[in-house]
Amino acid sequence: MAGRGRALLLAALVCGGCAGVSDVAGVATQQDLLEVRTEMGLVQQRALRTKSEVDAALAQMDRRQRERPAEEERQLQAINQRLDSLNGALTALGGRVDELNARLERQRSAAPVPSPLPPVATARPVAPVTPSAPPAEPTPGSRPSTNALQPQDIYQAAYIDFSKGSYPLAIAGFREFLRRFPDHPLGGAAQYWIGEAHFSLARGYTNAGQADKATEALEQAVQEFRKVQANYARSDKAPTALYKEALALLDLKQPAVAQARLQYLVDNFPQAEEAPLARERLAALKPN
């Protein structure tokens with residue numbers, strides 16, 4: 001009886017143990033399912049967030065596509081407005097040149113205006129200017145004859161513009177002087193001041209950070225200074241033009257050419273005021 005009782009007890013324990021294992025397995029399966037569902041929920045949230053981001057990016061791209069023509073139209077309008085402004089400035093400059101010509105033509109009948117003109121030595125003496133009778137009063141709507149202008153009037157007006165910093169007007173005035181009186185004793189000085197005006201413009205462009213325009217003005221200055229030596233070699237402005245040409249060449253990063261021009265100045269104009277300055281520049285350019 002005792003042995004049978006123990007068997008029954010053991011059987012009961014075994015059956016109890018089987019029931020416990022089944023319960024544990026059921027709990028584990030529910031936890032796995034819960035974790036999977038949780039992960040699926042997270043994945044779905046990420047997918048929805050990604051979709052929202054993609055939709056927002058597509059909407060932004062579409063908006064940019066729609067805005068681009070409007071932006072291009074605004075830029076085109078700005079460019080057209082700037083072109084109109086430049087055209088207006090050119091028109092105003094043309095009017096200023098016409099005004100200058102008219103003023104020059106009227107100066108013959110007016111009293112001479114003193115100006116701080118530098119002394120100009122010439123290869124031949126300047127013949128004194130004999131005052132002439134004032135021109136007849138022009139009829140309304142007509143302009144006085146340009147032949148009535150005196151060379152000194154045009155030169156003086158151009159020099160006044162240069163001294164005021166109106167370099168484009170000064171250039172136009174000196175060119176007009178040379179066009180009408182290419183063989184005048186002041187021709188060398190007029191040609192020099194054209195180069196000096198371009199040189200001054202180059203400095204202004206450099207200070208304004210406009211490197212391209214500065215380079216263009218320096219190259220033009222070099223050409224104008226060389227015309228002094230080519231066309232007015234006996235002018236007292238010839239050595240000055242040589243020296244300024246060398247300075248412009250140095251600004252253009254052409255030291256070898258500048259050195260040659262300085263040496264030419266020293267060799268051919270040893271007594272000129274610029275000769276000592278040229279020697280100093282040469283000493284600085286030569287390698288130690």
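Tabulated values for the structure
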{"read-out": "Failed criterion for residue 192 (all others in (1) under 17 Å from residue 159 (Cα atoms); (2) outside any helix (DSSP H, G or I); (3) not aliphatic (A, V, I, L, M) hold)", "value": "(2)"}
{"read-out": "Cβ pairs under 9 Å, 6+ apart, first in region 195-217 and free of Cβ contacts under 8 Å to residues at least 60 places away in the same chain, second of a type in the set (A, V, I, L, M) and exposed (fewer than 15 other Cβ atoms within 10 Å of the Cβ)", "value": "205/211; 214/208"}
{"read-out": "Residue 236 vs. criteria out of contact with any Asp or Glu (no Cβ under 6 Å at 6 or more places or on another chain), closer than 30 Å to residue 184 by Cα and surrounded by 15 or more Cβ atoms within 10 Å (Cβ to Cβ)", "value": "yes"}
{"read-out": "Residue pairs meeting the criteria (Cβ under 7 Å; at least 6 apart or on separate chains; first within 18 Å of residue 268 (Cβ to Cβ) and touching a residue at least 12 places away in the same chain (Cβ under 8 Å), in region 234-256; second of a type in the set (S, T, N, Q) and not in a loop (DSSP other than H, G, I, E, B))", "value": "238/229; 241/229; 242/229"}
{"read-out": "When residues of region 130-170 are limited to those that are assigned to a loop (DSSP other than H, G, I, E, B) and modelled with pLDDT of 50 or more, the one surrounded by the most Cβ atoms within 10 Å (Cβ to Cβ)", "value": "149"}
{"read-out": "Qualifying residue in region 236-251 (condition: in a loop (DSSP other than H, G, I, E, B), touching a Leu at 6+ places or on another chain (Cβ under 7 Å) and either modelled with pLDDT of 95 or more or not basic (Lys, Arg) (or both))", "value": "no"}
{"read-out": "Qualifying residues in region 218-233 (those that are buried (at least 22 other Cβ atoms within 10 Å of the Cβ) and touching a residue at least 40 places away in the same chain (Cβ under 8 Å)) - the one farthest from residue 277 (Cα to Cα)", "value": "232"}
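The values are calculated or read from the model by the stated rules, or taken from the named source; none is laboratory data. In this text, all values refer to a predicted model and were calculated from it rather than measured experimentally. Glycine also receives a Cβ, built like all others from the backbone with ideal geometry; neighbour counts cover every protein chain displayed.
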